[in-house]
Amino acid sequence: MLYKNILLIDDDPEDAELFVEAAHSVSRSADIRWQINPEKALEELKTSENLPDVIFLDYNMPRINGLELLASLKNNAKLKDIPVIMISTPSEAFVKELLEKNQIIKYISKPNSYSELLAVLDSIL
């Protein structure tokens, strides 16, 4: 497994709980943290000594969306090299550009079922 220290930034508690449960099913040894507030997540990352190995970032969030948070991460010297996997709906037009510019390492369309989520996470973790 490449990623043992995982941070999920997602404002939807139900989606986050399913993600954490599925990620633990795929990798019991992973440390999976979840932050509901993207602004708070950014501030915690800036001051943390224990940075995540990967960030799973939801695009659709209030106040600050995933693209805005991604820009803040990539503009911070301490955080810019953390791999980011964007999670959203399949119709997001910006995804190809983000992948081409190495802003994100992967894009995941929100799975329709728990088994689909397990399969996606199994291929990543």
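Here are the numbers:
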| quantity | calculated |
| --- | --- |
| Inter-centroid distance (Cα atoms) of region 1-52 relative to region 99-125, Å | 14 |
| Derived scalar couplings ³J(HN,Hα) [region 99-107; Karplus, 6.51 cos²θ - 1.76 cosθ + 1.60; whole Hz; x for Gly, Pro] | 5, 5, 8, 6, 6, 10, 9, 6, 10 |
| Amide proton proximity set for residue 87, modelled H, under 5 Å, gap of 5+ | 57, 58, 59, 108 |
| The chain - percent of accessible surface contributed by carbon and sulfur, probe 1.4 Å | 49 |
| Derived scalar couplings ³J(HN,Hα) [region 112-125; Karplus, 6.51 cos²θ - 1.76 cosθ + 1.60; whole Hz; x for Gly, Pro] | 7, 9, 5, 5, 5, 4, 4, 5, 5, 5, 4, 6, 9, 8 |
| Normalised contact order of the chain, rounded percent, pairs of Cα under 8 Å and 6 or more residues apart | 27 |
| Hz values of 3J(HN,Hα) by residue in region 28-42 - Karplus curve (6.51, -1.76, 1.60), Gly and Pro given as x | 5, 7, 6, 9, 10, 10, 10, 10, 7, 9, x, 5, 5, 4, 4 |
| For the chain, with +1 on Lys and Arg beta carbons and -1 on Asp and Glu, the positive-most of 37, 72, 23 along the dipole | 72 |
| Long-range HN-HN contacts of residue 3 with modeled amide H, under 5 Å | none |
| 5 angstrom amide H check on residue 76, placed H, neighbours 5+ away | none |
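The values are calculated or read from the model by the stated rules, or taken from the named source; none is laboratory data. Bear in mind that the values here come from a model prediction, so they are computed numbers and not experimental data. Every residue, glycine as well, gets a Cβ built from its backbone with ideal geometry; the counts of neighbours run over all protein chains shown. What goes into the accessible areas is simple: the full protein's heavy atoms, side chains included, and nothing from ligands, DNA or RNA. Shrake-Rupley method; radii C 1.70, N 1.55, O 1.52, S 1.80 Å.
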